[in-house]
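The values are calculated or read from the model by the stated rules, or taken from the named source; none is laboratory data. All values reported here derive from a predicted model rather than from experimental measurement. As a convention, Cβ positions derive from the backbone with ideal geometry for all residues, glycine included, and neighbour counts pool all protein chains shown.
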Amino acid sequence: MRNRLIRCYRVLFLLACLDLLFPRESEGQVHFVCPLPNAILQKVSDSGYMRLTLTSPSSSKIRLRLIGNTGVEISGYGWKDFILRNNTLDTFYMVPVLNNFYLEWQTLDGMIDSNVIGNLCIGHVFGIAGQSNAQGWSFPTYIPPQGNIRMLLYSDSWQKGEDPTGGKSASPWIQMSNTLQKLLNDSLPIGLVNVAIGGTGLVSKPAAGWWQRNNSLHLDTSTIYGKAVERFQRAGSHFEAIFWIQGESDAIGVTGAQYDSAFKRLVEDFEEDLQEPVTMLHLQIGGQAANPEKIDWGIIREAQRKLPLSTLVGTAVGAPLGFDAIHYAQSTEIMVGDRFAGAVAKLLHHVPNNFYPLLLPQNAASLVECNSQDPYNGYKIALQCSRGDLPVELKVSDALKGFQIRANGRFIDTSKIFAKVELSDLSKIDIFSTVSSLAPSSELKLSYALTADLANANVCDNDSTTVLPNYLVSFMDIPVLGSNAGVPDVTIIFPNISNPVLEESMFVIHLKKIAAVNYSVYDMAGKMVYSKDAGLLSEGSHAIQINRGPLTCGVYEVVVAIGSERRFFKIIIL
């Protein structure tokens, strides 16, 4: 009998300890949407951002205080009273940057109740959206998590962060978390909220669902968007950044303008429903084996090269043919995770690293005469590559694959295209046609789209710790200056333009025929700051104003769209 009592007491003691470590919400009186037990809350400047969202059917007043992991009240964060409106509290509370602290609450009227929500931490929290490669359907592998990483599961519980973070197998996000903690070295934990769903569309509506909001019921949880926002709210609504990997489901039959518009609307909807500004970082999709689209999803890739309200972190390459020829190889998920970590460290924390900025082409190539050192006679296409605003030397000795050339609207056979790094300038790639001359009389357009074959994707500047190529971002139909594509229907001139810009400036375009004109202004991270539609303009010259507007001091790139043509120039804001 005595032994049975001892065993019972031991069980009761163990349950009490579990309640202290992982406190449960009181059943009935107060329901917390956020914060949840064990949550990672976003750091903002020198504080932590705690979103308080709760309901209580019988109480109109509640008080809260913070307790450290030793059970002692945190100085300056004692009891604070809150009033519930319509049985609901939705506000925020700035808290100190701490690990493993507790939120204690008590109702002050109605049915008196109290409890604690424990094991809260302040750190870096990231949302993840898109389709299967974001969700985590990559080549089965296991990347061991390092440091303190937690993830919010669909069960609304925060648990140890490890694959699968949202899908069936591996994702880039554990690698991202490991790399980011090394780059920042600030001892803060990482929180992951993965709401991506495989097979979903942004413009198109596949069976798996699409990412547009039900405007009559924003949090319609029968929709992909509604489910995502509900989970983001459960995580506290405030994120350091939201990552986006998607596009395959929209790659056929969707225009770049449609994708741009839908993505812009998605970001604006996120900001409205989360009631917080959103920093978006996205990846350019990679090719897949047996891709049915002739230019390897070039339209969507080109749209993703400069998406509105987001920053491009790199391009994805590598679906292992021995797996399913669709989802990332292990080396690709490592590279993608590193790219996102590098972009966060550089752009949001000003920590320089070798993963960002990405390797970019110029927005136009040039047709130049071959020289005596070239393997072919006639003309070649020269493409300048840069990292940020600086030319970058490429270190590769073999032929480069993935370039496509249209001559007068027709593709040149890709097996007849040869490319190499220019020996006299390692920041340039020379592209040749082995069977026909690239003549100035032809209208030439250059595209670059890597396929799923890792062996053929070898543009590299050897700066990745994953010993993986740092791929040149894909592009589609950029004009080749010096050919007929370089003699457009429009010329941009700059008489009396004020640059640097103090309050306003202008540019002048001369149209040879009627055309629709608009311009967009991008910061040096590639994020669109604002755009303006000048409308349908007649033949002749037109002066178009550029207002300083929301621009802060710095250098910006202006992209002018005239029909299908694009023109680019930089402005300096003082």
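Restricting to the range 241-265, and then to whatever is surrounded by fewer than 17 Cβ atoms within 10 Å (Cβ to Cβ) and not in a helix (DSSP H, G or I), can you tell me which residue is modelled with the highest pLDDT?
Thr255
Would you check which residues across the range 159-184 are out of contact with any Phe, Trp or Tyr (no Cβ under 6 Å at 6 or more places or on another chain), in a loop (DSSP other than H, G, I, E, B) and under 17 Å from Ile40 (Cβ atoms) and list them?
Hits for the range 159-184 are Gly161, Glu162, Gly166.
Every residue in the range 379-407 that is without any contact (Cβ under 8 Å) to a residue 40 or more places away in the chain, surrounded by fewer than 17 Cβ atoms within 10 Å (Cβ to Cβ) and over 30 Å from Asp523 (Cα atoms), please.
Those that are without any contact (Cβ under 8 Å) to a residue 40 or more places away in the chain, surrounded by fewer than 17 Cβ atoms within 10 Å (Cβ to Cβ) and over 30 Å from Asp523 (Cα atoms): Ser397, Ala399.
State which residue is modelled with the highest pLDDT when the search covers only the range 446-460 and only residues that are surrounded by 21 or more Cβ atoms within 10 Å (Cβ to Cβ) and in a strand (DSSP E or B).
That would be Leu446.
Does the range 125-145 contain any residue that is over 21 Å from Glu276 (Cβ atoms) and in contact with a Leu (Cβ under 8 Å, 6 or more places away or on another chain)?
no
Taking the condition assigned to a loop (DSSP other than H, G, I, E, B) and modelled with pLDDT of 90 or more, does Leu309 pass?
yes
Being part of a strand (DSSP E or B) and in contact (Cβ under 8 Å) with a residue 60 or more places away in the chain is the filter here, so list the residues in the range 556-574 that pass it.
Hits for the range 556-574 are Val559, Val560, Ile562, Glu565, Arg566, Arg567, Phe568, Phe569, Ile571, Ile572, Ile573.
Please pick out the residue among Leu367, Leu347, Leu360 that is of a type outside the set (Lys, Arg), part of a strand (DSSP E or B) and within 17 Å of Leu390 (Cβ to Cβ).
After ruling out the rest, the residue left standing is Leu360.
Would you confirm, using the coordinates I've provided, whether Tyr376 is in contact with a helix residue (DSSP H, G or I) (Cβ under 9 Å, 6 or more places away or on another chain), assigned to a loop (DSSP other than H, G, I, E, B), touching a residue at least 40 places away in the same chain (Cβ under 8 Å) and not small (Gly, Ala, Ser)?
Spelling it out, it is not the case that Tyr376 is in contact with a helix residue (DSSP H, G or I) (Cβ under 9 Å, 6 or more places away or on another chain), assigned to a loop (DSSP other than H, G, I, E, B), touching a residue at least 40 places away in the same chain (Cβ under 8 Å) and not small (Gly, Ala, Ser).
Quickly run through the range 197-207 and pick out the residues that are touching a residue at least 40 places away in the same chain (Cβ under 8 Å) and either more than 18 Å from the chain's Cα centre (by Cα) or in a loop (DSSP other than H, G, I, E, B) (or both).
Those that are touching a residue at least 40 places away in the same chain (Cβ under 8 Å) and either more than 18 Å from the chain's Cα centre (by Cα) or in a loop (DSSP other than H, G, I, E, B) (or both): Ile197, Gly198, Gly199, Thr200, Leu202, Val203, Ser204, Pro206.
Where in the range 490-548 are the strands (runs of 3 or more DSSP E), entirely inside, with at least 2 residues that are at pLDDT below 70 and more than 25 Å from Leu360 (Cα to Cα)?
Because the criterion is at least 2 residues that are at pLDDT below 70 and more than 25 Å from Leu360 (Cα to Cα), the strands (runs of 3 or more DSSP E) in the range 490-548 that meet it are 490-493.
Any residue at all in the range 170-180 that is more than 30 Å from Cys121 (Cα to Cα) and not hydroxyl-bearing (Ser, Thr, Tyr)?
no
Could you grab me the full set of residues in the range 431-444 that are under 32 Å from the mean Cα position of the chain (by Cα) and either surrounded by fewer than 21 Cβ atoms within 10 Å (Cβ to Cβ) or acidic (Asp, Glu) (or both)?
Passing the criteria: none in range.
Please tell me if Val125 is aliphatic (A, V, I, L, M), surrounded by 15 or more Cβ atoms within 10 Å (Cβ to Cβ), closer than 30 Å to Ser56 by Cβ and within 19 Å of the chain's Cα centre (by Cα).
yes
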